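Values quoted throughout were computed directly from the atomic coordinates according to the rules given, and no laboratory measurement underlies them. Not measured: the values here are computed from a predicted model. Here the Cβ positions follow ideal geometry from the backbone for every residue, glycine too, while neighbour counts run over all protein chains shown.
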Amino acid sequence: GRSGNTSGEYLSYLATHPDVLKGQVDLVLLQLGTNDVRIDHDHTDTQTFEANMRKIVGMIRRLHPKVRVFIATIPPILKKTPGYFDWTSLRRVTTEINPFISRLARKLGCVRVDVYRAFQGHPEYFEEDGIHPNQKGTKKLAEVYLQAILPALSRIFGVIHFTLPPNFHEKVVFQSDVDGDTELYLLTKNGVKKLTDNTYPD
């Protein structure tokens with residue numbers, strides 16, 4: 001993560017900090033584009049944004065051919081901010097940036113994480129500026145990310161760890177699609193036990 005980066009700035013960061021991608025990398029989640037629609041010096045035309053995103057994914061995959069790449073859409077911009085965001089910024093999110101992210105994910109075989117839809121119609125997730133997520137929005141963002149990457153994590157590590165409250169001594173039966181189709185699981189203090197294992201939804 002690089003707070004405040006445009007796609008171009010993040011591309012430059014990766015090029016000058018190759019150590020970021022050293023070692024074992026199993027998955028990468030990218031969410032870029034909000035700063036690209038600014039109207040000040042950060043403004044990035046859509047063609048350049050598209051080229052930057054392709055280069056970023058290409059750079060990651062050259063170093064880690066088997067890496068799973070997740071590309072998140074950007075949340076809506078609720079307000080104009082004089083000098084930074086205007087009505088064209090709001091429009092570009094829905095008509096240029098997010099549609100391209102969806103196309104890029106399909107074309108490159110990446111997983112699209114739909115942050116936009118999770119935040120659309122929820123002003124309570126934003127700070128007063130209508131751009132940055134507040135504490136509630138940050139939690140929602142984490143939930144959206146987790147929901148998207150959980151199936152990949154289960155395939156990588158073969159197990160998912162859950163934390164229960166210290167005073168909880170009951171059992172929970174739940175349904176999950178972490179292995180590709182919905183199965184039933186039992187959760188206790190001893191961990192998770194798979195109750196069903198087949199190729200159809202349970």
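Assuming charge only on the beta carbon of Lys and Arg (+1) and of Asp and Glu (-1), the dipole of the chain about its Cα centre is about 480 debye to the nearest 20.
Placing +1 on each Lys and Arg Cβ and -1 on each Asp and Glu Cβ, with no other charges, gives region 1-108 a dipole about its Cα centre of roughly 480 debye. Amide H contacts under 5 Å for D202: T182, E183, restricted to partners 5 or more places along the chain or on a different chain, H placed in the peptide plane at 1.01 Å from N. In a reduced charge model with +1 at each Lys and Arg Cβ and -1 at each Asp and Glu Cβ, region 80-123 shows a dipole moment near 180 debye about its Cα centre.
Applying the Karplus relation 6.51 cos²θ - 1.76 cosθ + 1.60 with θ = phi - 60° to region 76-84 yields 3J(HN,Hα) values of x, 9, 8, 9, 7, 10, x, x, 10 Hz, where x marks Gly and Pro. From most to least packed by mean Cβ count within 10 Å, the peptides 69-81, 47-59, 182-194 give 69-81, 47-59, 182-194. In percent, rounded to a whole number, the relative contact order of the chain is 14, using alpha-carbon pairs under 8 Å and six or more apart.
Among 16-29, 82-95, the peptide with the highest mean count of other Cβ atoms within 10 Å heads the list, and the full ranking is 82-95, 16-29. Which value in deg cm²/dmol, rounded to the nearest 500, describes the helix-derived mean residue ellipticity at 222 nm for the chain, given -39,500 (n - 2.57) per DSSP H run of n ≥ 4 and division by the residue count? One gets -11500 deg cm²/dmol as the mean residue ellipticity at 222 nm. For R38, nonlocal amide neighbours, meaning residues 5 or more places apart or on other chains whose placed amide H falls under 5 Å from its own, are T44. Alpha-carbon geometry of the chain: the Rg and the Dmax are 19.4, 57 Å, given in that order. I'd like the distance between the alpha-carbon centres of region 124-149 and region 34-54, rounded to an integer number of Å. Distance between centres, Cα-based: 22 Å.
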